[in-house]
Amino acid sequence: MRDKVLLKILNIEKNFEEVRVLHDFSMEANREEIVCIIGPSGCGKSTMLNIISGLTLPSCGEVINNSQNTSYVFQEDRLLPWKDVYENIRIVNDKSSHKTCMELIEKVGLKGFEGFFSCELSGGMRQRCSIARAFNYEADLLLMDEPFKSLDFNLRIGMIHYLLTLWESKKKTIIFVTHEIDEALLLGDRILFLTNRPTKVLTEFRIETPKMKRSLTDPSLVKVRNQILDLLQNENQPVDS
Ligand SMILES: Nc1ncnc2c1ncn2[C@@H]1O[C@H](COP(=O)(O)OP(=O)(O)OP(=O)(O)O)[C@@H](O)[C@H]1O
Ligand SMILES: [Mg+2]
């Protein structure tokens with residue numbers, strides 16, 4: 001039988017020269033689970049995703065990643081500037097059909113811009129193109145680093161619903177980093193709240209309401225939001241100040 005845990009991070013340390021970023025950092029994610037991560041700016045969230053993806057090595061500790069493939073929406077869009085929107089999306093999966101690519105382009109609201117280069121797009125459009133690219137890569141683990149940060153309210157809500165629809169059909173494991181509590185409340189099976197540097201998981205919230213049935217006005221979600229706001233007030237010293 002397959003292990004239900006897809007990803008396990010055990011007692012990771014990560015230092016950049018004298019800067020201690022992650023310290024005794026442990027977490028895990030089950031198959032089909034969405035784990036949201038909230039933590040202060042500069043505490044090491046992107047570093048942690050880079051370690052999971054294998055782009056960065058931990059100073060010590062262990063990462064057990066049982067996924068077949070990992071797809072990554074980076075904090076910055078990292079589009080290929082010499083390729084247009086369509087080609088940026090198709091390049092990660094040359095088996096993907098024209099129809100699939102065009103559907104993705106439509107889903108992220110870029111219909112009509114498929115022939116545009118990244119220098120001709122707004123920041124939010126570039127970000128949506130990078131989301132479509134990540135969705136086009138067949139992977140059972142999806143890492144998303146503040147993917148909706150440059151989007152207006154309506155686009156953000158649209159992308160949250162799209163992500164949930166995608167999750168319902170493909171049941172990927174998703175690690176979703178965000179500074180927006182409401183995104184975490186709508187998407188997460190669990191929300192991990194990180195400390196300031198040197199960073200570890202301070203506490204975890206489990207949200208039992210099925211993801212497709214959530215409303216931000218549900219008393220259970222309001223209660224978790226208030227608990228997170230309390231924590232943010234206690235942890236509100238920016239680490240780089
Ligand atoms: N390649 C690197 N070399 C040196 N220091 C780095 C490197 N990458 C990250 N850091 C440092 O590690 C710390 C954590 O950075 P990281 O980008 O992981 O934070 P973050 O939690 O993602 O922040 P934000 O919410 O602002 O995106 C910062 O102090 C940063 O300066
Ligand atoms: Mg970051």
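Give the number of residues within segment 67-87 that are away from ligand 1 (no atom under 16 Å from the Cβ) and either within 13 Å of Phe176 (Cβ to Cβ) or not in a loop (DSSP other than H, G, I, E, B) (or both).
So the answer is 6.
List the pairs whose first member sits in segment 66-87 and is of a type in the set (Asp, Glu), whose second member is within 16 Å of ligand 2 (Cβ to nearest atom), and whose Cβ atoms are under 6 Å apart, counting only residues at least 6 apart or on separate chains?
Taking only residues 6 or more apart or on different chains, the pairs are Asp77/Gln127; Asp77/Ser130.
The rows are residues; the columns are (1) within 16 Å of ligand 2 (Cβ to nearest atom); (2) part of a loop (DSSP other than H, G, I, E, B); (3) not assigned by TED's automatic domain parsing to the domain that holds Phe176.
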{"site": "Leu10", "(1), (2), (3)": "no, no, no"}
{"site": "Glu13", "(1), (2), (3)": "no, no, no"}
{"site": "Val21", "(1), (2), (3)": "yes, no, no"}
{"site": "Ile37", "(1), (2), (3)": "yes, no, no"}
{"site": "Ser41", "(1), (2), (3)": "yes, yes, no"}
{"site": "Met48", "(1), (2), (3)": "yes, no, no"}
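Using the structure shown, decide if Glu146 is loosely packed, with under 14 Cβ neighbours inside 10 Å, within 16 Å of ligand 1 (Cβ to nearest atom), within 18 Å of the chain's Cα centre (by Cα) and within 29 Å of Ile51 (Cα to Cα). Break it down into steps so the answer makes sense when it comes.
Details: loosely packed, with under 14 Cβ neighbours inside 10 Å: no; within 16 Å of ligand 1 (Cβ to nearest atom): yes; within 18 Å of the chain's Cα centre (by Cα): yes; within 29 Å of Ile51 (Cα to Cα): yes.
No, not satisfied.
Conditions (1) more than 13 Å from ligand 1 (Cβ to nearest atom); (2) under 18 Å from Glu76 (Cβ atoms); (3) buried (at least 19 other Cβ atoms within 10 Å of the Cβ), marked per residue:
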| site | (1), (2), (3) |
| --- | --- |
| Ile9 | yes, no, yes |
| Val21 | no, no, yes |
| Gly39 | no, no, yes |
| Gly54 | yes, no, no |
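For segment 108-118, does any single residue satisfy the condition of being over 23 Å from Gly188 (Cβ atoms), away from ligand 1 (no atom under 16 Å from the Cβ), at pLDDT below 95 and surrounded by fewer than 19 Cβ atoms within 10 Å (Cβ to Cβ)?
yes
Within 26 Å of Met159 (Cα to Cα), β-branched (Val, Ile, Thr) and either away from ligand 1 (no atom under 16 Å from the Cβ) or part of a strand (DSSP E or B) (or both) - does that describe any residue in segment 56-66?
Scanning segment 56-66, I find no residue that is within 26 Å of Met159 (Cα to Cα), β-branched (Val, Ile, Thr) and either away from ligand 1 (no atom under 16 Å from the Cβ) or part of a strand (DSSP E or B) (or both), so the answer is no.
Return yes when Pro58 is more than 16 Å from ligand 2 (Cβ to nearest atom) and more than 20 Å from Ser150 (Cα to Cα) and no when it is not.
yes
Kindly evaluate Phe25 against the criterion of being buried (at least 22 other Cβ atoms within 10 Å of the Cβ), within 16 Å of ligand 2 (Cβ to nearest atom) and of a type in the set (Phe, Trp, Tyr).
Spelling it out, Phe25 is indeed buried (at least 22 other Cβ atoms within 10 Å of the Cβ), within 16 Å of ligand 2 (Cβ to nearest atom) and of a type in the set (Phe, Trp, Tyr).
Pick from Phe205, Phe176: which is within 16 Å of ligand 2 (Cβ to nearest atom), of a type in the set (Phe, Trp, Tyr) and either without any contact (Cβ under 8 Å) to a residue 60 or more places away in the chain or assigned to a strand (DSSP E or B) (or both)? Steps first, answer last, please.
Details: Phe205 fails: within 16 Å of ligand 2 (Cβ to nearest atom).
Just a single option satisfies the conditions, and that option is Phe176.
Starting from residues that are acidic (Asp, Glu) and assigned to a loop (DSSP other than H, G, I, E, B), keep the ones in segment 88-143 and report whichever is farthest from Tyr72 (Cα to Cα). Please lay out each step first, then the result.
In the first step, residues of segment 88-143 are kept if they are acidic (Asp, Glu); the result is 94, 103, 106, 114, 120, 138, 140.
Then drop every residue that is not assigned to a loop (DSSP other than H, G, I, E, B), which leaves 94, 114, 138, 140.
Values: Asp94: 17, Glu114: 21, Glu138: 11, Asp140: 11 Å.
Looking at the filtered set, the residue picked out is Glu114.
Which members of segment 75-87 meet the condition of being surrounded by fewer than 20 Cβ atoms within 10 Å (Cβ to Cβ) and under 27 Å from Leu7 (Cβ atoms)?
Gln75, Glu76, Arg78
The values are calculated or read from the model by the stated rules, or taken from the named source; none is laboratory data. None of these values were measured; they are calculated from a predicted model. Heads up, the Cβs are rebuilt from the backbone with ideal geometry, glycines too, and the neighbour counts pull from every protein chain shown.
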